[in-house]
Amino acid sequence: MKKYTIAMLVGSTRTGSINQKLARAIEATAPDTLQFIPVTMEDMPWYNGDLESNRPASVNAFTDAIRKCDAVCMVTPEYNRSIPGVLKNAIDWGSKPPAQNIWKDKVIAMTGTSPGGIGTAIGQQHLRQILAIQHAIVMPGETYITFKSPDMIDDAGHVSDDSVREFIAAFGDRLAKLVALMATA
Ligand code: FNR
């Protein structure tokens, strides 16, 4: 069975992060054809063009990790109707220099969760806009998840609500189909 590697980027690393829980649930419910690789973003400095002549090791490790993977899964909270700075910073580093843009032609799926009723919808729309200029292949469809109760997903990714588990599994299914399709393109 052909396996596809998926870089898992989560826009929050705080203890108890509901987006980290969602990431575990995606990994737990996705088809066996997907192998998720956690990739960290928070050890990179803020983007600064002065560093371009000698890119920090943390930046090179990040861009190498993304290049090696067949696709990327971004799971992120919404911060002030946009995305967290840590994710934006990672996207910025990856987008430069333009000839080595790591996002170009990369399959990217996005989702996120928040306790609020619109479950990261506006943040994801903003993320979609940012990725459009990167020429990324962004998975169609919208997966917004309201984290209705503190025990909806546990730290291991077990989802207590059947309909939420099915919704999350459907996201993984669509990513598996898209990455397989693009591998033949
Ligand atoms: C938030 N939160 C938030 N929620 C939302 O639905 N829309 C928003 O615009 C924002 N803005 C926002 C800004 C900042 C700076 C913080 C810290 C939080 C609330 C957010 O959804 C909530 O804290 C989540 O629990 C964050 O995700 P993690 O860290 O639990 O994964």
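Please express the Cα-Cα pair-distance distribution P(r) of the stretch 1-87 as a list of whole percents, one per 5 Å bin, running from 0 to the bin with the greatest distance.
3, 13, 20, 22, 19, 14, 6, 3, 1, 0
Positive end of the dipole of the chain, charges at C-beta (+1 Lys, Arg; -1 Asp, Glu), about the Cα centre: which of 100, 144, 159 has its Cα farthest in that direction?
Towards the positive end, the residue furthest out is 100.
Toward the positive end of the charge dipole of the stretch 1-59, about the Cα centre and with charges on Cβ (Lys, Arg +1; Asp, Glu -1), which of 9, 48, 33 goes farthest?
33
What is the set of long-range amide H partners of residue 110 at a cut-off below 5 Å, with H atoms built 1.01 Å from backbone N?
Here 74, 139 satisfy the definition.
Could you please report the charge total around residue 155, scoring K, R as +1 and D, E as -1 over all other residues with beta-carbon less than 15 angstrom from its beta-carbon? Display every interim value, and only then the final one.
On the way: positive: 14, 21, 24; negative: 27, 151, 154.
Cβ neighbours under 15 Å give a net charge of 0.
Of 113, 183, 57, which is farthest towards the positive pole of the chain's charge dipole, taken about the Cα centre with +1 and -1 on the beta-carbons of Lys, Arg and Asp, Glu respectively?
183
Charges at C-beta only: +1 for Lys and Arg, -1 for Asp and Glu. How large is the resulting dipole of the chain about its Cα centre, in Debye rounded to 20? Mind showing how you got there, number by number?
Details: 18 positive and 19 negative charges, 86 e Å.
Using only the charged Cβ atoms, the result is roughly 420 debye.
Rounded to whole Å and ordered largest first, report the semi-axes of the equivalent ellipsoid of the chain derived from its Cα gyration tensor (root of 5λ).
Equivalent-ellipsoid dimensions as semi-axes: 26, 19, 15 Å.
Starting at the first residue of the stretch 46-61, write each ³J(HN,Hα) from the Karplus equation 6.51 cos²θ - 1.76 cosθ + 1.60 with θ = phi - 60°, in whole Hz, x for Gly and Pro.
Working through the residues one at a time gives 4, 4, 8, x, 4, 8, 5, 6, 8, 4, x, 4, 5, 6, 4, 5 Hz.
So what is the diffusion coefficient of the stretch 54-107 in µm² per second by Stokes-Einstein at 4 °C and 1.567 mPa s, using a Kirkwood Rh over Cα pairs?
Translational D for this selection: 107 µm²/s.
For the stretch 71-118, what is the relative contact order in percent, using Cα pairs closer than 8 Å and at least 6 residues apart in sequence?
After rounding, I find 59 percent.
What percent antiparallel are the DSSP beta bridges of the chain, to the nearest 5?
Taking every DSSP beta bridge with both residues in the chain, the antiparallel ones total about 10 percent.
Would you please report the Å³ per residue occupied by the convex hull of the alpha carbon atoms in the stretch 85-185?
121 Å³
Laboratory data are not the source of any read-out in this text; all were calculated from the coordinates shown. What you see is a predicted model, and the numbers here were worked out from it, not measured in a lab. As a convention, Cβ positions derive from the backbone with ideal geometry for all residues, glycine included, and neighbour counts pool all protein chains shown.
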